[in-house]
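Down below is the structure, laid out as structure tokens.
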Amino acid sequence: MILLITGASHTGKTLLAQQLLEKLKYTYLSIDHLKMGLIRSGNTDLTPEEDEALTDYLWPIVREMIKTAIENQQNLIVEGCYIPFIWREDFSEDYLRSIRFICLAMTDAYIDAHFNEIKSHACDVEKRYIETDLNPDSIKADNQYFINGFIESGEQVVLIESDYKKAINTLVKQLQSCTIH
């Protein structure tokens, strides 16, 4: 089983992946770690700010890692924002049967009501550079980009509307129940 987790920045993708790792004992791949490894090693001239170009560069690598894991009947959590909206086009039905897709996003009302809390949890699971320009409008725009893109591609989006912990815990339980063989 492959758990493919994406969404806007600050939605808790890494936190969800960490909780699933602990509960399911699946191998975990952070696309951000792959990105930084390739950038720091000099294997690309791209920078962390070039999201669209990074998606084009990273997705073919991640896609083939997913296929390899499925072919070897291995479980894998893949987490990051560098997953194209039309990701399903890269997999046959045989592969798609082994992939569970999760896109996390927050509603504008949730962002307005919880902005300081969102900002305070930015480094809970991984250290991030301090985003001095982080504001509710930038988070809303990022969330709306993911919501629109994935919904237009026919995907479901898990919207965090009021209780973040409850939404994540419910998602963990749902994923646990569909992965137990």
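Considering the stretch 1-73 at the alpha-carbon level, its Rg and Dmax are found to be 13.3, 37 Å. Note on the chain: with charges restricted to the Cβ of Lys and Arg (+1) and Asp and Glu (-1), its dipole about the Cα centre is near 900 debye. If you take the beta carbon distance between Asp90 and Lys173 as r and set R0 to 30 Å, what does 1/(1 + (r/R0)^6) give as a FRET efficiency, to the nearest 0.05? Calculated value: 0.55.
Taking the Cα centre of the stretch 132-181 as origin and assigning +1 to Lys and Arg Cβ atoms and -1 to Asp and Glu Cβ atoms, the resulting dipole is close to 340 debye. Too long at a 24 Å Cα-Cα cut-off: which of Lys25/Lys67; Lys67/Lys119; Lys23/Lys140; Lys25/Lys140; Lys35/Lys165; Lys23/Lys119? Where the Cα-Cα span goes over 24 Å, the pairs concerned are Lys67/Lys119; Lys23/Lys140; Lys25/Lys140; Lys35/Lys165; Lys23/Lys119.
Of interest is the spacing of the C-alpha centroids, which for the stretch 25-96 and the stretch 1-18 amounts to 13 Å.
Expressed as a fraction of 2.2 N^0.38 Å, the C-alpha radius of gyration for the chain is 1.01. Packing, as the average of other Cβ atoms within 10 Å across residues, places the peptides 71-78, 42-49 in the order 71-78, 42-49, highest first.
Values in this text are rule-based calculations from the coordinates and carry no lab data. All values derive from a computational prediction rather than experimental measurement. Cβ coordinates were reconstructed from backbone atoms using ideal geometry, including for glycine residues, and neighbour counts include every protein chain displayed.
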